[in-house]
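*Asks:* Once you've had a glance at the structure underneath, I'll fire off some questions.
The values are calculated or read from the model by the stated rules, or taken from the named source; none is laboratory data. Computed from a prediction, not measured in an experiment: that's the story for all the values here. So basically every Cβ, Gly included, is an ideal-geometry build from the backbone, and we count neighbours across all protein chains shown. Heads up: the accessible areas ignore ligands, DNA and RNA and are worked out on the full protein's heavy atoms, side chains in. Shrake-Rupley method; radii C 1.70, N 1.55, O 1.52, S 1.80 Å.
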Amino acid sequence: MPLTDLSLADCRAYRPGLPVPDGFDAFWSSTLSEAPAGGPVPEPVFAPVDTGLTQIRTYDVTVPGFAGRPVRGWLHLPAGADRPLGCVVEFLGYGRGRGLAHENPLWATAGHAHLVMDTRGQGWSAAGGSTADTDPGAAGTVPGFLTRGIESPETYYYRRVFTDAVRCVEAMRAHPAVDPDRIVVTGVSQGGGIALAVSGLVPGLAGVLPDVPFLCNFRRGAEISGRPPYTEIAEYLKLHRDRAETVFRTLSYFDAALLATRATAPALFSIAMMDEICPPSTCFTAYHHYAGPKDVRVYEFNGHEGGAAYHQREQLAWVRSLFAGPPSGRAGRF
């Protein structure tokens with residue numbers, strides 16, 4: 001496909017302002033400290049699953065997420081691990097659920113703990129999901145998730161998703177099989193945007209791997225993307241012509257590029273220059289605003305598939321180097 005966005009040179013120079021909405025940090029502090037109604041929050045549950053994979057132990061995970069509601073996932077551990085491991089927490093692409101228990105063993109076969117978080121309400125595209133979203137928002141939203149609850153930051157869908165993601169990281173920090181000082185967050189597309197959001201909401205991460213990230217610079221995405229999901233915003237505003245200010249105010253609280261200005265962990269990005277789904281200028285917005293140490297791999301002739309296995313090779317080497325030092329020393333075996 002041809003280039004549909006800025007040239008690479010222009011993307012490298014593209015540094016749009018990201019106005020901080022009123023009460024941005026207070027909003028997230030309040031959201032993450034909000035106690036769920038109806039009593040104490042349950043502990044995370046890790047139930048063993050027999051997948052038939054002899055070199056990996058897998059657990060069916062339930063973590064109390066936003067408002068204490070259950071979020072599902074899979075935890076993969078290398079069989080025979082006898083000390084706390086570095087952990088990769090993975091968030092999924094738009095529409096994808098956690099899938100089946102034996103899928104996606106890459107990080108565990110590389111010797112790391114690996115948590116895959118199910119995305120609430122999703123799981124209709126490449127893999128099924130198991131986590132419901134019980135807050136659908138007002139009627140009249142465009143099919144998908146970008147306009148669900150968009151009437152205000154308090155009701156917006158990604159408030160729940162980003163909180164779920166933070167809770168999953170916290171659950172892994174407390175897990176006896178995991179070194180709490182060696183947690184990396186990663187994801188492709190939507191997952192990359194969630195990883196960037198977490199990078200700004202959770203201090204002390206070891207690393208961040210945003211792969212062709214979505215949820216960055218919403219206005220530009222809505223203006224130039226020719227394919228979903230950013231087109232959901234444009235479709236909504238095509239009908240609700242008087243709501244643009246409200247919509248973009250809500251979205252500003254969830255812009256992963258803005259949340260990344262609070263990040264401190266090292267990051268390795270990937271960006272594809274022929275990406276019609278997450279235009280490269282939106283991804284470079286996040287890269288340029290990312291506040292921690294950072295590097296990027298650019299795939300000039302690829303679309304939203306990005307670097308695929310080539311970039312996985314880069315990520316594996318990067319994480320191996322990141323985890324190369326001595327462990328934190330926490331005793332325990334799961």
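*Asks:* With respect to residue 221, is the statement that it is part of a helix (DSSP H, G or I), closer than 19 Å to residue 117 by Cα and either of a type in the set (Gly, Ala, Ser) or more than 16 Å from the chain's Cα centre (by Cα) (or both) true?
*Replies:* No; evaluated as a whole, the condition is false for this residue.
*Asks:* What about residue 189, is it surrounded by 24 or more Cβ atoms within 10 Å (Cβ to Cβ), in contact (Cβ under 8 Å) with a residue 24 or more places away in the chain, over 23 Å from residue 32 (Cα atoms) and under 16 Å from the mean Cα position of the chain (by Cα)?
*Replies:* yes
*Asks:* Give 51, 109, 131, 58 a once-over and let me know the one that is out of contact with any Pro (no Cβ under 8 Å at 6 or more places or on another chain) and either of a type in the set (Val, Ile, Thr) or modelled with pLDDT under 95 (or both).
*Replies:* 51
*Asks:* Taking the range 212-233 on its own, how many of its residues are open to solvent by 20 Å² or more (accessible area, probe 1.4 Å) and either without any contact (Cβ under 8 Å) to a residue 60 or more places away in the chain or charged (D, E, K, R) (or both)?
*Replies:* 5
*Asks:* Can you give me the number of residues within the range 109-131 that are within 14 Å of residue 63 (Cβ to Cβ) and either in a strand (DSSP E or B) or open to solvent by 20 Å² or more (accessible area, probe 1.4 Å) (or both)?
*Replies:* Number of matching residues: 4.
*Asks:* Name every residue in the range 59-71 that is in a strand (DSSP E or B) and buried (at least 22 other Cβ atoms within 10 Å of the Cβ), in order of residue number.
*Replies:* Hits for the range 59-71 are 61, 63, 71.
Every residue, every condition in (1) at pLDDT below 95; (2) of a type outside the set (A, V, I, L, M, F, W, C); (3) part of a strand (DSSP E or B); (4) over 23 Å from residue 282 (Cβ atoms), yes or no:
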position: 162; (1), (2), (3), (4): no, no, no, no
position: 185; (1), (2), (3), (4): no, no, yes, no
position: 194; (1), (2), (3), (4): no, no, no, no
position: 226; (1), (2), (3), (4): yes, yes, no, no
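*Asks:* For the structure I just gave you, tell me whether residue 5 is open to solvent by 50 Å² or more (accessible area, probe 1.4 Å), out of contact with any Gly (no Cβ under 9 Å at 6 or more places or on another chain), part of a loop (DSSP other than H, G, I, E, B) and of a type in the set (D, E, K, R).
*Replies:* no
*Asks:* Please identify the pairs in which a residue from the range 307-318 that is closer than 15 Å to residue 108 by Cα and touching a residue at least 60 places away in the same chain (Cβ under 8 Å) has its Cβ atom under 8 Å from the Cβ atom of a residue that is open to solvent by less than 50 Å² (accessible area, probe 1.4 Å) and among the hydroxyl-bearing types (Ser, Thr, Tyr), counting only partners at least 6 apart or on another chain.
*Replies:* From the range 307-318, the pairs are 315/186.
*Asks:* I would also like to ask the following. On the given criteria, is residue 83 of a type outside the set (Phe, Trp, Tyr), open to solvent by 60 Å² or more (accessible area, probe 1.4 Å) and at pLDDT 95 or above?
*Replies:* No, not satisfied.
*Asks:* Separate question: Need the failing condition index for residue 317 against (1) farther than 12 Å from residue 213 by Cβ; (2) open to solvent by less than 60 Å² (accessible area, probe 1.4 Å); (3) among the hydrophobic types (A, V, I, L, M, F, W, C); (4) outside any helix (DSSP H, G or I), just the number.
*Replies:* All conditions pass for residue 317, except number (4).
*Asks:* Please go through the range 234-292 and pick out each residue that is surrounded by 24 or more Cβ atoms within 10 Å (Cβ to Cβ), part of a helix (DSSP H, G or I) and either at pLDDT below 95 or β-branched (Val, Ile, Thr) (or both).
*Replies:* Of everything in the range 234-292, those that are surrounded by 24 or more Cβ atoms within 10 Å (Cβ to Cβ), part of a helix (DSSP H, G or I) and either at pLDDT below 95 or β-branched (Val, Ile, Thr) (or both) turn out to be 282, 285.
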